[in-house]
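Single-structure report; data block below.
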């Protein structure tokens, strides 16, 4: 696969964990709890152990997290509504050659269920462990009902 330009290379090499935010709400008709999308009022996310601010007071319901390419653990801090949570991933990294112009693509596989502190977040569900260069919801983050 040959790259035609720098932008093509960047798109092919951009590999991130896709995260969807959810909340469990009671459905009166079903008389049971159901999952629905959750949008944070103000979500700040940064990498732990590095100076990377990924989102700053964002009003979003989905986001992407880059895993460290040279390590097998990556940690993030999520701050919403005055509450901090830490989200941690254990993963393996595989290097795949793309082309002379583009170089190598590093894909990751999440090897364990993500670990989270349970302050504002109730749970994290691993939906797809293979982290590739297309937008996939790898995890669903369930926030607590306040």
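Each reported figure results from applying straightforward, stated rules to the coordinates on display, with no laboratory input. Small disclaimer: the values here were computed from a predicted structure and weren't measured. Every residue, glycine among them, receives a Cβ derived from its backbone with ideal geometry; neighbour counts consider all protein chains shown.
Output yes when any residue across region 124-141 is surrounded by 13 or more Cβ atoms within 10 Å (Cβ to Cβ), over 14 Å from residue 17 (Cα atoms) and touching a residue at least 12 places away in the same chain (Cβ under 8 Å), and no when none is. Scanning region 124-141 turns up no residue that is surrounded by 13 or more Cβ atoms within 10 Å (Cβ to Cβ), over 14 Å from residue 17 (Cα atoms) and touching a residue at least 12 places away in the same chain (Cβ under 8 Å).
When restricted to residues that are within 23 Å of residue 107 (Cβ to Cβ) and either assigned to a loop (DSSP other than H, G, I, E, B) or within 11 Å of the chain's Cα centre (by Cα) (or both), region 55-73 contains 11.
Listed by first and then second residue, the pairs linking a residue in region 44-63 that is in contact (Cβ under 8 Å) with a residue 24 or more places away in the chain and on the phi > 0 side of the Ramachandran plot to a residue that is surrounded by 13 or more Cβ atoms within 10 Å (Cβ to Cβ) and part of a strand (DSSP E or B), with Cβ atoms under 7 Å apart and 6 or more places separating them unless they lie on different chains, are 49/75.
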